[in-house]
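Engineer: Starting off with a structure, shown below.
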Amino acid sequence: MALILEGLGKHFENSEEATLHEINLTIETGEFVCIVGQSGCGKSTLLNLVAGLDKPTSGKIILDGEEITGPGADRVVMFQEHGLYPWLNVIDNVKFGMKLAGIPNDVQEEKAMHYLKMVHLEEYKDYPIHQISGGMRQRTALARALTLDSKVLLMDEPFSALDKQTSNILREELQNIWQETKRTILFITHSVEEAVYLSDRIVALSPDTGKIAGLVPVTMPRPRHVYAPEFVEMRHQILEIVRGKTI
């Protein structure tokens, strides 16, 4: 089954032009898709529509044959801000969603530790949130998102507030986690390099029309190396599309 965006459009009342217009896209189960584009092109709006946090003006979104009409446990969102609870320690933050879902305590513990090990935080499970770094907080947020076993993981520029070195480490870890879990991921980023590094396909949104300006498969084998000639060439190709130029 798949995530299908069919004729999707969004027009905000205070705007003369539609933010998104006639978006048609199919994301297959287990696929890693990155959305790139200039600021204001509608990347986060698209993610919010898929998350059910906002409603489209036109078109529809279908996940595994069911139309999305609002938020659901089949989609989990990870934002730029980690959204952790400062009064809870690391493992209790990871368990929080499972607790709300009524999952038994022993299962919570098992799954929380499984994903904390996956993000290399098992030794920090009892640390208060204010005692861990920004990168570790994003790892905690990722572990929390993974515990819910959603069909789709929606990520809105989760590493953009981090320094370059930490961001590079986390995207490598995310790639490894995706290869292990084969979770369907829709990833919003302003970094074309990050998109080429992570994704199976890149969707470039037009800054002017609210439409898809380019849909580019990334067939390079993983792990990918940012200085490899084919990587540099693809990065340049996507940048040209994002800037509104014809390849």
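The values are calculated or read from the model by the stated rules, or taken from the named source; none is laboratory data. Fair warning: this is a prediction, and the values are worked out from it, not measured in the lab. FYI the Cβ positions are ideal-geometry reconstructions off the backbone, even for glycines, and counts take in every protein chain you see.
Engineer: Pull up the range 189-219, narrow it to residues that are surrounded by fewer than 14 Cβ atoms within 10 Å (Cβ to Cβ) and not hydroxyl-bearing (S, T, Y), then point me to the one that is farthest from S58 (Cα to Cα). Before you say what the answer is, go through the steps one by one.
Structural biologist: Start the filter on the range 189-219 by keeping residues that are surrounded by fewer than 14 Cβ atoms within 10 Å (Cβ to Cβ), which leaves 208, 215, 217, 219.
Checking the rest, the ones that are also not hydroxyl-bearing (S, T, Y) come to 208, 215, 217.
Details: D208: 18, L215: 21, P217: 27 Å.
Among them, the one singled out is P217.
Engineer: Which of the residues spanning the range 75-93 are over 18 Å from the mean Cα position of the chain (by Cα), touching a residue at least 12 places away in the same chain (Cβ under 8 Å), crowded, with 16+ Cβ neighbours inside 10 Å and outside any strand (DSSP E or B)? Spell out how you get there, then give the answer.
Structural biologist: To start, the set of residues in the range 75-93 that are over 18 Å from the mean Cα position of the chain (by Cα) comprises 85-93.
Checking which are touching a residue at least 12 places away in the same chain (Cβ under 8 Å) leaves us with 85-86, 88-91, 93.
Then drop every residue that is not crowded, with 16+ Cβ neighbours inside 10 Å, which leaves 89-91, 93.
Scanning the range 75-93 gives V90, I91, N93.
Results for (1) surrounded by fewer than 14 Cβ atoms within 10 Å (Cβ to Cβ); (2) aromatic (F, W, Y); (3) outside the structural domain of T26 (by TED's automatic domain parsing); (4) closer than 30 Å to L8 by Cα, shown as yes or no for each residue.
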residue	(1), (2), (3), (4)
V107	yes, no, yes, no
A112	no, no, yes, no
L116	no, no, yes, no
S133	yes, no, yes, no
T140	no, no, yes, no
F159	no, yes, no, yes
T166	no, no, no, no
Q179	yes, no, no, yes
R183	no, no, no, yes
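Engineer: Go through the range 54-69 residue by residue and tally those that are on the phi > 0 side of the Ramachandran plot and at pLDDT 95 or above.
Structural biologist: The number of residues fulfilling the criteria is 1.
Engineer: Of (1) in contact (Cβ under 8 Å) with a residue 24 or more places away in the chain; (2) surrounded by fewer than 21 Cβ atoms within 10 Å (Cβ to Cβ); (3) closer than 22 Å to T181 by Cβ, G72 satisfies all except one. Which?
Structural biologist: (1)
Engineer: Being crowded, with 16+ Cβ neighbours inside 10 Å, outside any strand (DSSP E or B) and modelled with pLDDT of 95 or more, is that true of even one residue in the range 21-38?
Structural biologist: yes
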